[in-house]
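Notes to accompany the following structure.
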Amino acid sequence: MAVYTDVTAEDLSAHLARYDIGTLLSFKGIAEGVENSNFLLHTTGGSFILTLYEKRVDPKDLPFFIGLMEHLAARGLTCPQPVRMKDGETLGELAGRPAAIVTFLDGMWIRRPQVMHCGAVGKALAELHLAGSGFALTRVNALSVPGWRPLYERAKDRADTVAPNLAATIAAELAHCEASWPKDLPTGVIHADLFNDNVFFLNDRLSGLIDFYFACNDILAYDLAICLNAWCFSPDSEFDFAKGRAMIAAYQAVRPLSAAETAALPLLARGSALRFLLTRLVDWLNVPPGAVVTPKDPLEYLRKLRFHQKVTSPTEYGLA
C-alpha cells in the first residue's frame, strides 16, 4: 500500500456522504507498497480502507477485483468486502481517481514469519484457489511471462547501476523462462501477490487475506511459487526448508498438486523471482516525485533467483 494522491478532509467528507457508513472522524495514508493510494478511515460507523486506483491500474480491471472479493467472501474466504454506496455502486471517483471503500479486517501482518504461519498461508492459498472456481469474470495476468520483457526493456539501461551485470543476468533468465514456461498446468484465479503484508493474523491464527489488486487468472501452482518466495526465505535470503515443507504440505492437504505441477515448481519459482526482481527494479528506478512510498529492494529477488537456479529437484522446497 502507498500514497500517491493526496485527499483533503473536505473532499473525503463529501465523498462519504454517498455511503451509509457515518461521517468522517479521521483518516491517514498508509505508506507501504507500490501500486495504489490507500487510506485508513475512521467514521462514526466504523473503520474502513479507502483505495484510490492510480494510473498503473486499468479501470476496466476494477469490476474483476471488486467482484472477486465478493465472490470469495460468499464462499467462506475472509477478505475485505467492498462497501456499496447508497445507489448500490461499489466504485466512485475521488481526487480524480477511481475509488472504492472496503471493510477493515482485524489483525496484523507478520514481519518475521515462522513455520506455523507458512503452513497457515499454504492452507489459505489452496482455499482461495478452490473458492475462486466458478467466478464469472476473467483477467489476464499482465505480469506473467509476456509482460516481463517490456519491464526489462524499461530497466535494462540503468539496471547495472543497481548491481553489476544485472542487465545481462536478467536477460539470460528471461530467455530461459520464455523458452521453458509450462503451458498445460491447471489454471484458475490466483492472488499473485500474497506477501506477508497481505495476510493478517490474530494470536497466530490467520484472520484474513487482503489486497487483491494483482489477482488474475493464471497457473495455480505459480501462486504457490510466489508464496514460497515471499514467505520461506530468511532475512538474508536463505531458503528455509521447514517453512517450505509446512507451506506445501498444508496446501496439498486442501488441493493436492498434480505430478506435472510438482515437476514444474522449480521453474515456476524461478519465474516468480524474476517477476518480482523486474517489477521492483522498475519501481526502484522510477519512484514518482513527491510520492509517499517506500520502494522495495530488487536485489532481494536477485538473491532468491540465484537459489532457484541451483535447484535440481522439487524436493529441495520441502515436497514429499
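Expressed as a whole percent, the accessible area of the range 103-211 that falls on carbon and sulfur atoms is 55 (1.4 Å probe).
Positive end of the dipole of the chain, charges at C-beta (+1 Lys, Arg; -1 Asp, Glu), about the Cα centre: which of Gly46, Ala215, Leu265 has its Cα farthest in that direction? Farthest towards the positive pole: Leu265.
Extension gain, Leu25 to Ser180: 0.36 nm times the residue separation minus the Cα-Cα distance gives 50.4 nm.
Measuring only protein heavy atoms, the 1.4 Å probe finds Glu238 accessible over about 110 Å².
Among 178-187, 71-80, sorting by the average number of other beta carbon atoms lying within 10 angstrom of each residue, highest first, gives 71-80, 178-187.
Between the alpha-carbon centres of the range 245-307 and the range 171-209 there is a gap of 7 Å. Largest to smallest in accessible area, the residues Ile30, Ile170 fall in the order Ile30, Ile170 (1.4 Å probe, all protein chains included). Mind running the shape call on the chain? Use the C-alpha gyration tensor, a ≥ b ≥ c as the square roots of the eigenvalues: rounded below 1.5 for a/c, prolate if a/b tops b/c, oblate otherwise. Prolate is the answer for the chain, as a/c is 1.5 or above and a/b outweighs b/c.
In Å², and per residue, what accessible area does the range 72-218 have when probed at 1.4 Å with the other protein chains present?
In whole numbers, the range 72-218 has 47 Å² accessible per residue.
Just to confirm the number: angle between the C-alpha axis of helix 115-131 and the first principal axis of the chain, 0 to 90 degrees, nearest 10? Here the helix axis deviates by roughly 70 degrees. In the context of the full set of protein chains, residues of the range 253-316 present 42 Å² of accessible surface per residue (probe radius 1.4 Å, heavy atoms only).
Model label sites at Leu319 and Ala172, defined 7 Å from Cα along the beta-carbon direction, differ in position by 2.5 nm.
Element breakdown for the range 222-320 at a 1.4 angstrom probe: carbon and sulfur atoms account for 57% of the accessible area.
Between Ala74 and Ala242, full extension at 0.36 nm per residue minus the direct alpha carbon distance yields a gain of 57.2 nm. In the assembled protein chains, Arg255 presents an accessible area of approximately 30 Å² (probe radius 1.4 Å). The candidates Arg97, Arg154, arranged from most to least accessible area with a 1.4 Å probe in the full protein assembly, appear as Arg154, Arg97. The charge dipole of the chain, taken about its Cα centre with unit charges on the Cβ of Lys, Arg, Asp and Glu (plus for the first two, minus for the last two), comes to roughly 520 debye. Of the whole protein surface, Phe39 contributes about 10 Å² of accessible area at a 1.4 Å probe radius. When only the Cβ of Lys, Arg, Asp and Glu is charged (+1, +1, -1, -1), the dipole of the range 159-240 relative to its Cα centre reaches about 200 debye. Between Asp160 and Arg111, the contour length at 0.36 nm per residue exceeds the alpha carbon distance by 14.7 nm.
The values are calculated or read from the model by the stated rules, or taken from the named source; none is laboratory data. Source: prediction; values computed, not measured. No Cβ is skipped: glycine too gets one built from the backbone with ideal geometry, and neighbour counts run over all protein chains shown. Only protein heavy atoms, including side chains, enter the accessible area calculation; ligands, DNA and RNA are left aside. Shrake-Rupley method; radii C 1.70, N 1.55, O 1.52, S 1.80 Å.
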